[in-house]
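J.: My questions will all concern the structure given below.
Values in this text are rule-based calculations from the coordinates and carry no lab data. Since the structure is predicted, the reported quantities are computational estimates derived from the model, not experimental observations. Cβ placement follows ideal geometry from the backbone for every residue including glycine, while neighbour counts extend to all protein chains displayed.
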Amino acid sequence: MGVVSVKKSVVLLSLGHACVDVYQGAVAALVPFFIAERAYSHAAVAGVVLAASLLSSVAQPLFGAVTDRRALPWLLPVSTIVGGVGIALSGVSGSYAVTLAFVAVSGIGVAAYHPESARVARIASRGSHTAMSWFSLGGNVGFALAPLLVTAVVATGGLRFTPLLVLPALAGSVLCLPVLRGLAASAANGSVAAQAKRPDDRGSFVKLSIAVVGRSITFVGLSTFIAVYAQERVGGGVLAGTIALFTLYVGGAVGTILGGRLANRWDRVTVVRYAYLVAVVAVAGVVFVPGPAFYLFVAATSAGLYVPFSLQVTLGQDYLPSRVGTASGITLGLTITIGGLASPLIGGLADATSLRVALAPLIAMPVLSWLMFRTLPEPAVMGADGSDGRQPAPDVGHRGAVAVGVDAPGQVGDGDARQRS
């Protein structure tokens with residue numbers, strides 16, 4: 001990488017990813033406080049989650065398509081700040097409309113961050129499954145820390161203290177700067193490595209996207225309501241809910257790293273397929289098993305849903321090697337946002353019946369994802385030495401080349417790893 005080593009770049013990007021994904025996790029973490037302090041209904045808080053997801057679900061693929069044509073590394077610090085400011089201001093007004101607006105702003109910031117960060121991370125990681133899993137781990141850690149951070153801040157002084165939640169965004173915007181300077185320096189060196197073009201496999205990408213939708217609905221549905229549901233199943237008030245949400249998120253750290261390591265031994269498709277089978281059983285346990293065992297099934301659900309996380313991102317990039325920004329935007333965007341679109345339906349059903357009844361359909365979603373992966377092929381990837389191997393080498397970007405820190409579409413940038421994401 002020149003100015004910044006590969007290992008240091010991945011670490012910095014992972015930490016920055018954590019700072020951004022705090023704000024995705026913070027939306028669900030704020031739900032119990034909106035209910036307690038503002039008497040929001042289940043449908044109303046699902047609307048808050050929807051506000052964070054709706055614009056993001058549209059914007060994230062669009063940002064990915066833009067970065068296929070033009071590298072926009074400055075999006076990393078700017079989008080981090082936007083994501084943080086939106087959540088920080090979400091508690092300052094008692095107006096439901098204003099709250100929705102600020103949460104939506106945060107969602108746009110998060111949407112702008114992920115496609116470009118995935119592109120930069122795969123360049124920095126030189127296509128390693130393990131390195132990409134560490135980058136994804138950062139996001140999982142951010143999710144896991146969100147309920148603890150939100151509870152520490154909001155439980156102390158109420159929703160009026162949410163402006164303090166901007167601090168991770170300030171840190172994250174600074175952490176990515178050395179990596180971006182390193183990429184710019186590598187681009188300035190002008191070193192070029194030729195890469196063979198591979199055709200897009202759009203049919204497989206569609207199946208992958210459907211699988212990601214199933215995962216998204218399951219994960220976001222649970223993360224939105226599990227803090228409240230835990231109080232019903234276990235008792236213990238807000239603390240029980242915070243522990244459940246933290247367990248759902250922190251288990252993803254184990255699942256993400258495990259997924260990267262397993263993919264180095266077996267192919268990604270096989271690993272993800274078995275992970276979804278685990279998720280089917282685990283989600284059923286979350287819905288139906290009461291008492292302390294509830295937390296064990298929450299942890300198993302987290303692992304089962306997070307093993308596929310980074311693997312689905314790189315699979316999407318390899319199915320669409322000419323549009324990896326778009327692929328990253330769709331797979332990363334669908335991971336959260338489509339589930340947010342389904343949350344109001346779950347909330348409305350919960351208001352009409354019970355949370356247990358509303359959450360039961362989520363068991364079918366990992367089944368859908370498993371069915372999609374049953375017919376997916378493991379994409380052949382051209383190695384850096386020209387050989388055909390399972391370990392992915394850096395992909396090609398727009399018109400067969402990568403632009404890192406430069407504006408011209410198709411111009412090659414980073415000399416260490418020619419890859420769009």
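J.: Could you please state, rounded to a whole Å, how far the C-alpha centre of the stretch 261-336 is from the C-alpha centre of the stretch 80-110?
T.: That distance is 28 Å.
J.: Placing +1 on the Cβ of each Lys and Arg and -1 on the Cβ of each Asp and Glu in the stretch 160-308, which of A284, P163, S302 has its Cα farthest towards the positive end of the resulting dipole?
T.: Checked the options; the winner is S302.
J.: Another question about this same structure. Could you give me the ³J(HN,Hα) list for the stretch 148-159, computed from phi with Karplus coefficients 6.51, -1.76, 1.60 and θ = phi - 60°, whole Hz, x at Gly and Pro?
T.: 5, 5, 5, 5, 4, 7, 7, 5, 6, x, x, 5
J.: For the stretch 194-284, which chymotrypsin sites (Phe, Trp or Tyr not before Pro) are both in a DSSP coil and crowded by at most 16 other Cβ atoms within 10 Å?
T.: Values: sites: F205, F219, F225, Y229, F246, Y249, W266, Y274, Y276; in loops: W266.
Qualifying residues, ordered by number: W266.
J.: How large, in Å, is the stretch 9-151 by the Kirkwood hydrodynamic radius built from its alpha-carbon pairs? Before the final figure, lay out each step's value.
T.: Details: mean 1/r = 0.0649 Å⁻¹.
For the stretch 9-151, inverting the mean 1/r across all distinct Cα pairs yields 15.4 Å.
J.: R323's amide H: which non-local residues (gap 5+, or another chain) put their own amide H closer than 5 Å, with H modeled 1.01 Å from N in plane and none for Pro or chain starts?
T.: The list, which skips near neighbours in sequence, is empty: none.
J.: In addition: DSSP loop (so not H, G, I, E, B), at most 12 other Cβ within 10 Å: list which trypsin sites (Lys or Arg not before Pro) in the stretch 222-273 pass both filters. Mind dumping the intermediate values first?
T.: Numbers: sites: R233, R261, R265, R268, R273; in loops: R265.
When the trypsin sites (Lys or Arg not before Pro) of the stretch 222-273 are filtered for loop state and at most 12 Cβ neighbours within 10 Å, R265 remain.
J.: Let me ask you something else. Rounded to whole Hz and in sequence order, give me ³J(HN,Hα) for the stretch 14-22 from the Karplus expression 6.51 cos²θ - 1.76 cosθ + 1.60, θ = phi - 60°, writing x for Gly and Pro.
T.: Running phi through 6.51 cos²θ - 1.76 cosθ + 1.60 with θ = phi - 60° gives 5, 5, x, 4, 4, 5, 6, 6, 3 Hz.
J.: If you don't mind, there's one more thing I want to ask. Can you compute the FRET efficiency between A39 and A360 using 1/(1 + (r/R0)^6), with r the Cβ-Cβ distance and R0 = 35 Å? Round to the nearest 0.05.
T.: Numbers: r = 26 Å, r/R0 = 0.75.
The value I calculate is 0.85.
J.: Hey, if you drop one equal point scatterer on each alpha-carbon of the stretch 254-352 and run the Debye formula without solvent, what base-10 log of I(q)/I(0) do you get at q = 0.10 Å⁻¹?
T.: Each listed q maps to, in turn, -0.35.
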